[in-house]
Amino acid sequence: MLTDELFDLVSYRIHPDPHIRVNAEVCVGCTHRACTFSCPARCYTWSEERERVDFAYETCLECGTCLLICDREALDWHYPVGGHGVRFRLT
Amino acid sequence: MSAAKDDSVVAASAQASTPGSFDTVVVGAGPAGTSAALALAQGGASVLLLERGEYAGAKNMFGGMTAYCPAPEQLVPGFWEQAPWERAVTKRILSIVGGASSTSIVFQAESESDRPAVGAGSTSDRSLTGFTLFRPRFDRWYAEQAVAQGVTLLTGCRAEGLLVSDGAVRGVRVTGVDDVVEAPLVIACDGTLSFLGQEAGLHGGPKTEQLALGVRALYALTEEEVNDRFGLKGREGATQEFLGCTAGVRGGGFIYTQTDTLSVGVVLHLDSLKAGGIPPYDLLERFVALSPVAQVLRGARLVEYSAHLLPEGGQKTMPRLSTAGLLVAGDAAGLCYTNGLVQEGMNLAMTSGLIAGRVGAEALAAGDVSASRLSRYGEELRKSFVLRDLKTWRRAIGFMQSDRLFSVYPRVVGALMEEVYRSEGHPKSKILRLGRRSIASALTVRQLISDMYRAIRAYLC
C-alpha cells in the first residue's frame with residue numbers, strides 16, 4: 001500500500017507536549033467524524049472499543065485541516081513549539 | 001541533506017538569539033516574509049525575521065512551480081540566476097480524465113538556449129516560464145540572502161500572538177527569547193491560517209469553503225528518465241494538471257518535474273473533502289494508479305510525503321490587509337488562487353511581501369504606522385498585478401466551486417473524445433451530435449446553458 005509507505009517517509013522532531021488537544025467530551029456527540037478521514041496524516045482514528053476518536057499528535061503535518069473540519073470546536077490547536085514538529089527536507 | 005547539518009544551523013541561530021530593538025518584526029520566513037524583510041532592510045529599517053521551523057522552509061511545501069515574477073530580482077540582483085530552482089518550466093499539460101480515457105492539451109514554449117545562466121534548453125522568454133523548486137531549499141537560501149543584507153533571522157521561534165496597546169499592534173509575543181519583541185511595525189506572513197491576522201481582527205478565522213488541502217508524494221527517478229518521460233532537454237521542466245481524477249471531490253491532480261524527481265499529488269477543496277468521505281491519501285493512491293500517472297512513475301522510488309492548506313477563496317474571502325502597526329502578506333492575506341488554468345501563490349507572496357516591506361519602510365521613516373498610513377499597502381497592492389489578477393479571475397475562481405466541473409464534465413469530455421476516435425465500421429457523426437449524446441445522460445440543457453454562461457463570463461469577456 002502506498003499509504004503506509006507515505007507516512008514512514010516523513011521526518012519529525014517531536015516535542016514531548018502535544019500541540020493539539022482534543023476535548024473528548026465535545027467530540028462524543030459528533031456524527032460525521034470527518035477528522036478520521038480528512039486528516040492527511042491519519043492522526044485521528046475511531047476506536048470501536050473505546051467508542052471515541054483517538055488522536056496521536058506525533059505524526060501531524062501541521063496543515064490545519066482538522067481545525068477547519070471540526071464544527072464542534074473540540075480542538076485546542078497550536079503549532080508545535082518552535083523548532084519542533086514536522087520538518088520537510090525536500091518537497 | 002543530512003540531519004546533522006540541520007541541527008548545526010539550529011544551534012547557530014539559537015546562539016545568535018539576542019533580539020535587541022527592532023523597527024519591524026516579520027513573522028514567517030517564507031517567500032512573502034523574506035521579501036518583506038529584504039524590502040524593509042533596503043528601506044533602512046532594522047528587521048527581525050521570525051521562523052517557527054528549525055530552518056526557513058522546514059514547514060513549507062507547495063504545488064511545485066512558481067510563476068516568474070520580477071519582484072525578487074528587485075531585492076536580490078540576479079535572483080533567478082542564483083536561486084536554487086530545479087527546472088525552468090516550458091511545457092504545460094492539462095489532462096481531463098474521463099471514464100476509460102484521458103484527453104490532454106499540451107502547451108510547449110519554443111526552446112532556445114540563449115539563456116545559459118538559467119539553463120540550456122529553456123526558453124529565453126521568462127514571462128512564459130515558471131520554476132519548479134523545493135521549498136525547504138529555496139526558502140532557506142532566500143532567507144540567507146536576507147541575512148546577508150542585514151536582516152536578523154531567528155529560526156525555531158514561534159510567534160505566540162500580538163502585543164497590542166491603544167488599539168495598535170506594537171510587537172509580538174514569542175517563546176524562548178524574552179517573551180515579547182516590541183516593534184512599531186509587524187508584518188504577518190504566518191501562512192494560510194494566519195492566527196496573527198485573526199487576533200488583530202483582520203479576518204474571522206479561515207473557513208472550509210475558502211481553503212484546499214494539497215497532499216504530495218515525491219518520487220525519485222534519474223534526470224534522464226524525467227527528460228525522456230516528459231520530452232524535455234537540459235533544465236527544461238514540465239507541469240501536468242489533471243481534472244476529473246478526484247472521485248467527485250472538487251479538486252485536481254498534478255505532476256511537477258524537478259531535476260531528478262517528480263512531485264505527484266492532489267489538491268482538494270476542504271468542504272468537498274469533508275462531504276466526500278474519502279481520505280486524501282486514498283485519493284492520492286487512486287491518482288498514482290491512473291494509467292497516465294502510473295506510466296511516468298514506473299520504477300520510481302517514493303521519497304517524501306507532505307501536506308498543506310492553501311487559500312483558494314479569491315478576493316471574496318480575502319482578509320483586511322492592514323491595521324495600525326500591522327500588515328499581512330502572502331498566504332496570510334489569502335493571496336493564492338487557481339482559475340483552472342494557472343495556479344499562482346509564490347509570485348503573489350513575493351510581490352505582496354515586497355510591497356508590504358516598501359510601504360512599511362516608508363511609514364517607519366515618516367514615523368507614522370497608523371491604520372490610515374498603512375492602508376497605502378492595500379492601495380499599492382490593488383494597483384499591482386496581484387489584486388488585479390484576483391479581480392480579473394474572480395468569476396473563474398468562483399467557477400472552481402462548481403461540482404459539475406470536477407465530475408460531470410470530465411466524463412462528458414471522455415465520452416465525446418472516445419466517440420470521435422471510435423472506428424467500428426459504423427457511420428460517424430459530427431461533433432455536435434456526439435456532444436449532445438454524451439451530455440444527454442449527464443446533465444440537463446438548463447445546467448449546460450447556465451455553466452456555459454458562467455464559463456464565458458469567467459474566461460472570455
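Within the stretch B:160-177, how many residues turn out to be within 14 Å of chain A (Cβ to nearest Cβ) and touching a residue at least 40 places away in the same chain (Cβ under 8 Å)?
4
Is it the case that B:Arg216 is within 14 Å of chain A (Cβ to nearest Cβ), of a type outside the set (Asp, Glu) and on the phi < 0 side of the Ramachandran plot?
For B:Arg216, the condition - within 14 Å of chain A (Cβ to nearest Cβ), of a type outside the set (Asp, Glu) and on the phi < 0 side of the Ramachandran plot - is met.
Could you please give the count of residues in the stretch A:1-31 that are without any contact (Cβ under 8 Å) to a residue 12 or more places away in the chain, part of a loop (DSSP other than H, G, I, E, B), within 13 Å of chain B (Cβ to nearest Cβ) and exposed (fewer than 14 other Cβ atoms within 10 Å of the Cβ)?
So the count comes out to 2.
Working only within the stretch A:74-91, note down all residues that are more than 8 Å from chain B (Cβ to nearest Cβ) and in a strand (DSSP E or B).
Result: A:Leu75, A:Asp76, A:Trp77.
Against the conditions (1) within 20 Å of the chain's Cα centre (by Cα); (2) within 11 Å of chain A (Cβ to nearest Cβ); (3) closer than 22 Å to B:Thr317 by Cβ, where does B:Gly251 fall short? Just the number, please.
(2)
Can you find a residue in the stretch B:237-245 that is buried (at least 24 other Cβ atoms within 10 Å of the Cβ), within 17 Å of the chain's Cα centre (by Cα) and part of a helix (DSSP H, G or I)?
no
Wholly within the stretch B:151-221, which strands (runs of 3 or more DSSP E) include no fewer than the required count, namely at least 3 residues that are surrounded by 24 or more Cβ atoms within 10 Å (Cβ to Cβ) and in contact with a His (Cβ under 9 Å, 6 or more places away or on another chain)?
Hits in the stretch B:151-221: B:211-220.
Here's a check for you: in the stretch B:35-53, which residue that is surrounded by fewer than 23 Cβ atoms within 10 Å (Cβ to Cβ) and touching an Asp or Glu at 6+ places or on another chain (Cβ under 8 Å) is farthest from the other protein chains (Cβ to nearest Cβ)?
Looking at the filtered set, the residue picked out is B:Gly43.
How many residues are in a loop (DSSP other than H, G, I, E, B), aliphatic (A, V, I, L, M) and more than 21 Å from the chain's Cα centre (by Cα) if we restrict to the stretch B:277-318?
3
May I ask you to say which residue of B:Ser407, B:Ser429, B:Ser438 is under 30 Å from B:Leu309 (Cβ atoms) and of a type in the set (Ser, Thr, Tyr)?
B:Ser407 is the lone residue from the list that is under 30 Å from B:Leu309 (Cβ atoms) and of a type in the set (Ser, Thr, Tyr).
Could you figure out which of (1) more than 8 Å from chain B (Cβ to nearest Cβ); (2) surrounded by 13 or more Cβ atoms within 10 Å (Cβ to Cβ); (3) part of a loop (DSSP other than H, G, I, E, B) isn't true of A:Glu49?
(2) is the only condition that A:Glu49 fails.
Quick one: would you say A:Asp71 is surrounded by fewer than 18 Cβ atoms within 10 Å (Cβ to Cβ), over 21 Å from B:Ala58 (Cα atoms) and at the interface with chain B (Cβ under 10 Å from one of its Cβ atoms)?
yes
What number of residues within the stretch B:421-435 are of a type outside the set (A, V, I, L, M) and over 17 Å from B:Ser101 (Cα atoms)?
The number of residues fulfilling the criteria is 8.
Would you tally the residues in the stretch B:346-385 being of a type in the set (Val, Ile, Thr) and either over 29 Å from B:Leu309 (Cβ atoms) or surrounded by fewer than 24 Cβ atoms within 10 Å (Cβ to Cβ) (or both)?
Total meeting the criteria: 1.
Given the stretch B:31-141, what helices (runs of 4 or more DSSP H) lie entirely inside it while holding 3 or more residues that are modelled with pLDDT under 95 and under 29 Å from A:Val86 (Cα atoms)?
B:79-82
The values are calculated or read from the model by the stated rules, or taken from the named source; none is laboratory data. Note that the structure is a prediction, hence the values are computed from the model and not measured. We place every Cβ from the backbone using ideal geometry, glycine too, and count neighbours over all the protein chains shown.
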